[in-house]
Structures are given as C-alpha cells and as structure tokens.
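Comments concern the structure below.
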Amino acid sequence: MRLSRYFLPTLKENPNEAQIVSHRLMLRTGMIRQSSAGIYTWLPLGLRVLRRIEQIVREEQDAAGCHELLMPTIQPAELWKESGRYDAYGPEMLRILDRHQREMLYGPTNEELITEIFRGTVKSYRQLPKLLYHIQWKFRDEIRPRFGVMRGREFLMKDSYSFDLDQAGAIRAYNTMFVCYLRTFQRMGLTAIPMRAETGPIGGNLSHEFVIVADTGESEIAYHRDFEKIDWIGSDIDFEGDLQPLVDQFTTKYAATDEQRDAAAEAALGEDLVTGRGIEVGHIFYFGTKYSKPLGATVTGPDGEPVAVEMGSYGIGVSRLVAAVIEASHDDAGIIWPDSVAPFAVGLINLKPDDAASSELCERLYTALTAAGHEVLYDDRAERPGVKFSEMDLIGLPQQVIVGPRGAKAGTVELKVRRSGEREELPVEAALARFGA
RNA sequence: CGGAGCGUGGCGCAGUCUGGCAGCGCACUAGACUGGGGGUCUAGGGGUCGCCGGUUCGAAUCCGGCCGCUCCGACCA
C-alpha cells in the first residue's frame, strides 16, 4: 500500500476526549473516529487490525470444533419475552419499533436466537454435541460508555454456544472453549489469566473471565504470582482428548476479580499475591438448562424421553481486544503491534522521494517484499524524514525498512525493529533475504 | 441517573469574570530555502463562537431553556 494513496488521517496532538493510552493512540493513528458516544467508525488502518483479530478468533474457534454461522443484529422482542429476559435486561437493551409497531431490539447477546435455531432443527441426542458461534456487532446501551472501543455501546463480539445432552458433556464443551481461549489470546501476544467470575444477567453457575493485566483495566484483580510464570500452552492441543488436567492447571491457583475476591484466600497467599487492574477480554459460562427449558430446546434421549439440553455460552470482545492489545503493547512514541495483529507487517520509508536512486530502490523493495507475501505500507509521500519516522513509530508496524540517498547510492538499506528500536544497515540483498524475498 | 467540567476554523487552545473589529499554535494552499527524528521564511484560504429564545444601540461574552461530549460513582464484553 502506498501511503500517498492511503487514507490515514493521523493527529499530531492528543484529542481532548481521550483519556487512556489505547483510545488516544487509536484516534491519533487514524484507526477510529467517534460517531456518537460509544459508537465508532473504523477507518482503514483500524479495520485491518480488527479483521486480523477477528480472523485469529475465527481460526481458533474452527480448530476447536466450533461452527460459524451469522445471526442478525436485530431480533424480535417476542423471543426475549419467552425467556423472561425482555424485562430483566432493562434500559441497557436498545428497543426499536418497526413500521408495523412490532417490538424489535438490537441484540445485546444471542442466547435466545441461537436456542430458537437449535430447537427448530436438532431433535435427537444423536445430533449432539454441537458448538456454534458467530462474530457479530452487538449493542448495549451502557450507562457510561468510555475509553473508546474499550467500552463502547456498539461492539464486535464473538459468541459461541454449546449444546450437550448432559452435564458431563457441557463441562467438556466448557473446557474446550477454556483451552481455545488460552490459545486465542496467546496468538495475539497477550497474557490472559482465567479468573473465577460472577455470572451476571447471562446466568449459570460455572464461569471464568479471561483478563489481561493492565493499569487501565476496569476490574480490580488479584491472582497467584505463579500465573506470571506458568508454562504457556503449545499449539498442538488435541481437542478430542481429555482437557481437564490442562484446565485444572489454570484453575487451581487463586485468581479472581472484584466481588469474587476472597480476603481469606488472599491473606493466605502472602507474598505470592499479586493485585492490580485488568481488562476483561473473554467470558465463558456454563448455565445448564436456563434457556433450553423456557424456550423448549429439547432432544429425544436414548430412552425415548425428551431432555432439555445443557448449554453454555462463550464470549470474546473482538473490538475491545484491539484496544487491549494497544494497552499491553505501546511506548511513548506510539503503538507496537505484535506481528500476529499488525495492520501491515513492514513499513517502507523513502526518505527522499525526489532522489531517483532512493525511489528506484524503494520500488524494487516494495515489489519484492510484496511478492514474498508481506503486507507493506510504503511511505512514498513528499514529507520530511522526521515526519515519516514519527508517524511510522506512531502506527507501530513491527518492521521498518528505511531507504535514503546515501544508502541507495551505496546499495544498502536500514532495518529497524519497532519493538526494540534496534537498527541495522545491510546490503540490499541481505535485507531482502531477511524477509525471504 | 446523581456529582463535576467542557462546547470558539480539521486538531489543541486563548478570549467570557469586566459586552465594543473573532484571535494564537499546529494542520491546509502557493512560493522560496532546506533535507536522517513531527524544519525555516514569505504570502494566503478557512469559523452560523453547540442550538433556540431573551436583555442591550451592540452578545462568543449577560440571562433562560435545550442539545452534545468528557470525567467521577452505581452497571457491563
């Protein structure tokens, strides 16, 4: 992508409304623009990151045996009256009347809808278990939206739903998602600690939040020091095997948020207790027959009798994750994207587009890097070097390739690693070899 | 919803108290100089001062109402 043709409206100064670093940086790098309170437009750079995170979530869901579908954003009120949540949800749910005065709502979550789909299609225990998910925009009319996309009213969420014949099956599904989540966040370069959580209006009795440690988090958290050094899981998980030992490894140590915290347990930990703040990026629930019973989601069991299915739901805040990654990975100059979610892999800086040798070399690098499968943002603008350096650091692409007249003449380029700040001058061929080009 | 604050050009702000030509920095346009960490100089363009009403010879400024945004609190991925 040539920056001269791209849409990247960066800001030199901090917008007044942004208080936390991720919000400031998302505005300054031209990733998002606010439309109204808690509602944002995703500009090209931000959308790229959102899509990459979404794709990681999708791939890990698929790997865990979840099947993607897509439910609508607008739902009929009727279904929610059936489950009893139409009144329970309160003003946080955005209610809409269509032209026929039919009561509709912009979905804050999808348990009712997925259960309706399930009850109309799955009739026998032989068709179980099922794990379904979708990635869709949700709306919750938060009392006080804040921190940019961290706590917006409109947000992109992945929500999965499990259907099993019995509790043992449901717990198995719960464990599957538990491990899937560990892998998902790990791939984004995040350390997410699973914490015992309250179940909230979604309901149920087995629940964990996945929390990223960050000073700007909204939850008070406390956890065992061992979580900082626990062996992180590999990519070769057998989801068909017994996941309980792995889950136990992450759930036996103390870790809790807010109301779930236990003063006695924390006192017992002594020096091993770590407290701080965290950002909740995922939440998993087992809630049994809470929805299947009122909504009539039953299957015929082995004995010919109807059985209400055991369910769980599993959410990941996809749009929130964009902000969470920034909170976890930035410095004074700007964002530092982990490779896995970076909007572009390489930033190519042409320090002097007027210089024929520089521009020819840049064109060659741009073509070769692109051909080798790297996404390159090429700063070919007629700007001063300082502007280019600053903006490239600000938007935080992991690798920078810097070309100037001196190097172009000598046949060298400079490579800079954004995270470490390390710079290295190399012959062109050697630099290309680094990128497998 | 309670408490606090803000709304003046694309962004950041001054001016409001004490009514009298709408300003500054950045950004933008043109030219010159410059050229490895958000340059310098010159000349420009751009604003119904959030909206509605009132007071006044005269309102960004005073008064009333409304709207929007931000922060703190209770609620949430």
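Quick note: the coordinates plus some simple rules give every number you see, no bench work behind them. Source: prediction; values computed, not measured. Every residue, glycine as well, gets a Cβ built from its backbone with ideal geometry; the counts of neighbours run over all protein chains shown.
May I ask for the net charge around residue A:102, where only other residues with Cβ less than 12 Å from the Cβ of residue A:102 are counted and Lys, Arg are +1 while Asp, Glu are -1?
-1
Under the shape rule built on the C-alpha gyration tensor, where the axes satisfy a ≥ b ≥ c, the stretch A:357-437 is rounded, since a/c falls short of 1.5. Sequentially through the stretch A:353-363, phi angles give Karplus couplings (6.51, -1.76, 1.60; θ = phi - 60°) of x, 5, 7, 4, 5, 4, 5, 5, 5, 4, 4 Hz, Gly and Pro residues having no value and appearing as x. Rounded, prolate or oblate: which fits the stretch A:210-312, taking a ≥ b ≥ c as square roots of the Cα gyration tensor eigenvalues, rounded meaning a/c under 1.5, else prolate when a/b beats b/c? Prolate.
Only Lys, Arg, Asp and Glu carry charge here, each on its Cβ (+1 for the first two, -1 for the last two); on that basis chain A has a dipole of about 1380 debye about its Cα centre. Summary of the geometry: the stretch A:85-125 and the stretch A:254-281, compared by the centres of their Cα atoms, lie 36 Å apart.
Between residue A:74 and residue A:305, the C-beta separation translates, for a Förster distance of 56 Å, into a calculated FRET efficiency of about 0.95.
Set the Förster radius R0 to 25 Å, insert the Cβ-Cβ distance between residue A:19 and residue A:258 as r into 1/(1 + (r/R0)^6), and round the FRET efficiency to 0.05.
0.75
Extending 7 Å from Cα along the Cβ direction at residue A:102 and again at residue A:62 yields two label points whose distance is 3.4 nm. Rounded is the label for the stretch A:142-271, because the ratio a/c of its alpha-carbon gyration tensor axes (a ≥ b ≥ c) stays below 1.5. With each label modelled as a point 7 angstrom along the Cα→C-beta vector, the residue A:417-residue A:10 pair spans 2.2 nm.
Only DSSP H runs of four or more residues enter the estimate; each adds -39500 (n - 2.57), and after division by the residues of chain A the mean residue ellipticity at 222 nm equals -9500 deg cm²/dmol.
Remark: the stretch A:113-119, residue by residue, has Karplus-estimated 3J(HN,Hα) of 5, 5, 5, 5, 4, 5, 5 Hz, where x stands for each Gly or Pro and the curve is 6.51 cos²θ - 1.76 cosθ + 1.60 at θ = phi - 60°.
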